[in-house]
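**Student:** Quick one: the structure is below, questions incoming.
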Amino acid sequence: MNLEFICGLLMIVLFAVAISKRWLAPFVGLSIVPLIFAVIYCVATGQSPLTAFEWAFAGAFGGELTGGTATSAIMILFACTYFTFMMKVGLFDPLIIAIIKLVKGDPLKVMVAATCVAGAVSLDGDGASTVLITTAAFVPLFKQLNMRVGYLAVLIALPTSVFNMMPWGGSFARCISALGLEVPELLAPLVPGLVVVMIYAIGVGFFLGRKERERLGYDPKAAAHVSAEEIEKMCDIVRNNDPEFKRPHLAWFNLIVTLGIMVLLVQGLANSAVLFMAGLGITLVVNLGFNFKIQKNLLDDCLVEGVSVCAMIVASGFLMGILLYSGMGDAIAAVLASIVPAGAARFIPYIIAILGIPLLIFTGPDVFYFGLVPVLAQLAAAYGISATTIGVAAMVSLSTFYCSPLIAWIFLLCSRCEIEFADYQKLLIKFALPAFVIYLVVYTLTGGIAVF
C-alpha cells in the first residue's frame, strides 16, 4: 500500500465519520477534510502545499480531468430559485389540490403517487429537475397531512437511481466508454432488472405508506366518507399559503414557460443555468409587474434556499478534485483490484458489484468506472467473462449510489425534504441494499451476469 492509498483511505474514512457523527456540517467536511489530507500528502511527497488548492480548484471549477462542480451549482442555484418562485405564485397548486382530492388524505396513496411521479419525472436523466419538480408537488401535501417529509427523499432517490441506469445517465456513458461497448449491448440485459426494481420502489412507497397510516391513525374504511367540506378545507390551506403572491390568472403562462425550459433543458438546446436565469427574469416581471421593491424582496426570499445548497455542491468538488488529481482515487482502485485472487475470477462480476458500493459512494463514478472496472475486466476476459457481463455488474452498484455526498443534487434533495444528510443516508441504505440484491438475483437468472 502506497502513500496515495493511505492518505486517500484515511481522508474518506475521516470525512464519512465526521459527517455521520455530525461533528462537521457537510459543507465544512467537504471543504476542509480533503484540503487537510491533500496538504499532508503534498508535504510528504515534496510538493508545494499550494498544489492542494490547485487540485481543489480544478475539482470545483474545472480542469483537465473534470468539468468541475461549480457549473452544476450555478444551475441548481437558479433552478431552485425558479421553482421556489413558481411555488410562491401557485403554479403547482392545481396539481397538489388534484392529488389531495384523489388520495383523500390517505398516506399510502400519497406515498405510491410520489414514487410514480418521481420515476416519471426522472426519465429526463436530470436529478436536480426531478428533485425540484417532485418536491414542489409533494412537500406541501406531506406537510398538510402531517406525514414525514424525510420519507419523500427515499421515494425520490429509489426510482431516480433506476433511471440513472438508462443511456442518458452519466454512469451508463462512463461504463460503456470504459469497456468499449455499444449502447444496445449494455442496455438490453439491464432492462429486466430496471423493471423489477421499479416495481420494488413502488412497493417501498406502499410499505412506508402503511407505516404512516399506522402512525397517523388513518383508517381507510372510516376515511371513505371524508366530506367534501373537509377536503375543501385542506385545499384552501394550499390556496391560502402566501396568498399575496398567488397569480392563478397567470397559471397557463407560468406553466408554458416552465415546460419550455424543461423541453430546452432535456433537448440540450441551451445552457441549463441560462435557461433558469432567463425564465426567472421573465416570470418575475410578468407576475410582479414593474415594481422594484416587490421583485427584490421576493427574489431575496427565494434565493435563500438555493444559496446554502449551492455552497455544498461547490465544496463537493474539493473532494472530487483531490481524489482525481492527487492519484489517491487511482491508488484506492488499484489496491482493491489487487486483492482479487485468480481462483475467484468467475466471481469477478459479483466482486465488482460489491466493491462498487463503497467506491461509488466515497470516490465517485470516475474512479470506479475508469479506475477499477477496466482493470478487473481485463482479468475477467482471461477467464472468458464478457465485457457486457462486467458492465451489467458495474451498473448494479448504482442502486446505492445516491447515498453518496459527491452527488450535487443530493444536498438539494435533503434540503427540500428537510432531512439531515446523515439521516437520509441511513434511511436510504435500508431500502437501497435490497434493491442491490434484487438486481443481482434478476441478472443472474436472466443471464445478464453470466458466470455459471
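The values are calculated or read from the model by the stated rules, or taken from the named source; none is laboratory data. In this text the structure is predicted, and so the values were computed from the model without any measurement. Positions of Cβ are backbone-derived with ideal geometry, glycine not excepted, and every protein chain shown enters the neighbour counts. These area figures cover heavy atoms from the full protein model, side chains too; ligands, DNA and RNA do not enter into them. Shrake-Rupley method; radii C 1.70, N 1.55, O 1.52, S 1.80 Å.
**Student:** Between Ala98 and Lys143, what length in nm is gained on full extension when 0.36 nm per residue of separation is reduced by their alpha carbon distance?
**Tutor:** Working: separation 45, 0.36 × 45 = 16.20 nm, distance 1.59 nm.
Gain on extension, Ala98 to Lys143, equals 14.6 nm.
**Student:** Can you give the Rg to Rh ratio of the chain, both from alpha-carbon atoms, with Rh computed by the Kirkwood formula?
**Tutor:** Numbers: Rg = 23.2 Å, Rh = 23.3 Å.
Computed over Cα atoms, the ratio is 0.99.
**Student:** Hey, with R₀ at 41 Å, roughly what FRET efficiency would Phe207 and Ser308 work out to, going by the Cβ-Cβ distance, to 0.05? Working shown, then result.
**Tutor:** Working: r = 32 Å, r/R0 = 0.78.
With R0 = 41 Å, the Cβ-Cβ based efficiency is 0.80.
**Student:** What ranking, highest mean first, results for peptides 78-86, 151-159 when packing means the other Cβ atoms within 10 Å averaged over each residue? Provide the component values of the computation, followed by the final result.
**Tutor:** Numbers: 78-86: 24.3, 151-159: 27.6.
Highest mean packing first, the order is 151-159, 78-86.
**Student:** Give the lysines reachable from Lys143 as a straight Cα distance under 20 Å; neighbours fewer than 8 places away on the same chain don't count.
**Tutor:** Of all the lysines, those that pass the test against Lys143 - Cα under 20 Å, at least 8 places apart if same chain - are Lys88, Lys101, Lys104, Lys109, Lys211, Lys233, Lys246.
**Student:** Would you mind putting 186-194, 252-260 in packing order, based on average other-beta-carbon counts within 10 Å, highest first?
**Tutor:** On the way: 186-194: 18.8, 252-260: 14.6.
So the order, starting with the most tightly packed, is 186-194, 252-260.
**Student:** Using a Förster radius of 35 Å, what is the FRET efficiency between Thr45 and Trp23 based on their Cβ-Cβ separation? Nearest 0.05, please. Provide the component values of the computation, followed by the final result.
**Tutor:** Values: r = 28 Å, r/R0 = 0.80.
My answer for the efficiency is 0.80.
**Student:** Normalized C-alpha radius of gyration of the range 1-96, against 2.2 N^0.38 Å? Display every interim value, and only then the final one.
**Tutor:** Numbers: Rg = 18.8 Å, N = 96, 2.2 N^0.38 = 12.5 Å.
Its radius of gyration relative to the 2.2 N^0.38 Å reference: 1.51.
**Student:** Quick one: if you stick a label point 7 Å off each Cα along the C-beta vector at Ile36 and Ser386, how many nm between them?
**Tutor:** Each label point lies 7 Å from its Cα, and together they span 4.9 nm.
**Student:** Divide by every residue of the chain the summed helix terms, -39500 (n - 2.57) for each DSSP H run of at least 4, and state the resulting mean residue ellipticity at 222 nm, rounded to the nearest 500 deg cm²/dmol.
**Tutor:** On the way: 20 runs with 333 residues, N = 452.
Calculated mean residue ellipticity at 222 nm is -24500 deg cm²/dmol.
**Student:** Mind ordering 271-279, 346-354 by average Cβ neighbours within 10 Å, highest first? The partial results should precede the final answer.
**Tutor:** On the way: 271-279: 18.6, 346-354: 20.2.
My ranking of the peptides, most packed first, is 346-354, 271-279.
**Student:** Where in the range 389-417 does the label zone of Tyr350 land, with the point 7 angstrom along Cα→C-beta and an amide N cut-off under 14 Å?
**Tutor:** In the range 389-417, the label zone of Tyr350 (backbone N under 14 Å from the point 7 Å along Cα→Cβ) covers 393.
**Student:** Would you please report the Å³ per residue occupied by the convex hull of the alpha carbon atoms in the range 164-217? Please list the in-between numbers first.
**Tutor:** On the way: hull volume 4.3 nm³, N = 54.
Dividing the Cα hull volume of the range 164-217 by its residue count gives 79 Å³.
**Student:** Take the Cα atoms of the range 38-152, build their convex hull, and give its volume per residue in Å³.
**Tutor:** Numbers: hull volume 16.6 nm³, N = 115.
Looking at the range 38-152, the number lands at 145 Å³ per residue.
**Student:** Label Glu420 and Asp300 with points 7 Å out from Cα along Cα→Cβ: what is the distance between them in nm?
**Tutor:** 3.1
**Student:** Follow-up question, since we're still on this one. Please turn the phi angles of the range 77-89 into ³J(HN,Hα) values with the Karplus equation 6.51 cos²θ - 1.76 cosθ + 1.60 (θ = phi - 60°), one per residue in order, whole Hz, x for glycine and proline.
**Tutor:** 4, 7, 5, 4, 5, 4, 6, 5, 5, 4, 5, 4, 7
**Student:** Mind checking Rg over Rh on the range 375-414, alpha carbons, Kirkwood formula for Rh?
**Tutor:** Working: Rg = 14.8 Å, Rh = 12.0 Å.
On the Cα set of the range 375-414, Rg over Rh gives 1.23.
**Student:** Moving on to the next point. Kirkwood Rh, Cα Rg: Rg to Rh for the range 80-216?
**Tutor:** Working: Rg = 16.6 Å, Rh = 16.0 Å.
Rg divided by Rh gives 1.04.
**Student:** Let me ask something else about it. Once you have all Cα-Cα distances for the range 294-452, histogram them in 10 Å bins from zero and send the whole-percent values.
**Tutor:** 10, 32, 30, 17, 7, 3, 1, 0
**Student:** Leaving out ligands and nucleic acids, note down the accessible area per residue over the chain with a 1.4 angstrom probe, in whole Å².
**Tutor:** Per-residue accessible area for the chain comes out at 42 Å².
**Student:** Using alpha carbons only, how many angstrom separate the centre of the range 311-335 from the centre of the range 23-69?
**Tutor:** Taking the Cα centre of each part, the range 311-335 and the range 23-69 sit 8 Å apart.
**Student:** Name the residues whose placed amide hydrogens come within less than 5 Å of the amide hydrogen of Gly63, ignoring near sequence neighbours (fewer than 5 apart) on the same chain.
**Tutor:** Sorted by chain and number, the residues that satisfy this are Gly68.
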